[in-house]
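Structure first, commentary second.
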Amino acid sequence: MNLVAIFGTLAALVTVVQFAPQAIKVHRTGTAGVSVGTWSLFTVTMASWLSYGVVTHQLSLILVNLVVSAAGVVHPRSSRP
């Protein structure tokens, strides 16, 4: 793994850490109080990084962004009262 791939992997992991608290809150309490615009922009960003990972054949970017993109699509649709 070269230096660029290492930095890409670290960036992907930091993104997951950044996303996790909000995803946990949405899972526990529902989507009330969550900005739909911000959530949507984040999901589009992760899908873009996923596409980049596919084009450049970087497995770490593909795996991390696949999981985060899927979570970004699933959670807003599963609202709780």
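The values are calculated or read from the model by the stated rules, or taken from the named source; none is laboratory data. Since the structure is predicted, the reported quantities are computational estimates derived from the model, not experimental observations. Please note: Cβ atoms are built from the backbone with ideal geometry, for glycine as well, and neighbour counts cover all protein chains shown.
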Which numbered condition GLY72 fails, given (1) assigned to a helix (DSSP H, G or I); (2) modelled with pLDDT under 80; (3) surrounded by fewer than 17 Cβ atoms within 10 Å (Cβ to Cβ): (3)
Qualifying position, being of a type in the set (Ser, Thr, Tyr), loosely packed, with under 12 Cβ neighbours inside 10 Å and assigned to a helix (DSSP H, G or I), among THR38, THR45: THR38
Could you tell me which residue of segment 1-17 is nearest to ALA71 (Cα to Cα), considering only residues that are surrounded by 13 or more Cβ atoms within 10 Å (Cβ to Cβ) and of a type in the set (A, V, I, L, M)? VAL16
Given the structure, is VAL55 at pLDDT 80 or above and either closer than 19 Å to ASN2 by Cα or over 10 Å from the mean Cα position of the chain (by Cα) (or both)? yes
Kindly indicate whether any position in segment 18-30 is of a type outside the set (Lys, Arg), buried (at least 17 other Cβ atoms within 10 Å of the Cβ) and not in a helix (DSSP H, G or I). no
Please verify whether LEU50 is modelled with pLDDT of 85 or more, surrounded by 16 or more Cβ atoms within 10 Å (Cβ to Cβ) and under 17 Å from VAL16 (Cα atoms), treating the condition exactly as stated. yes
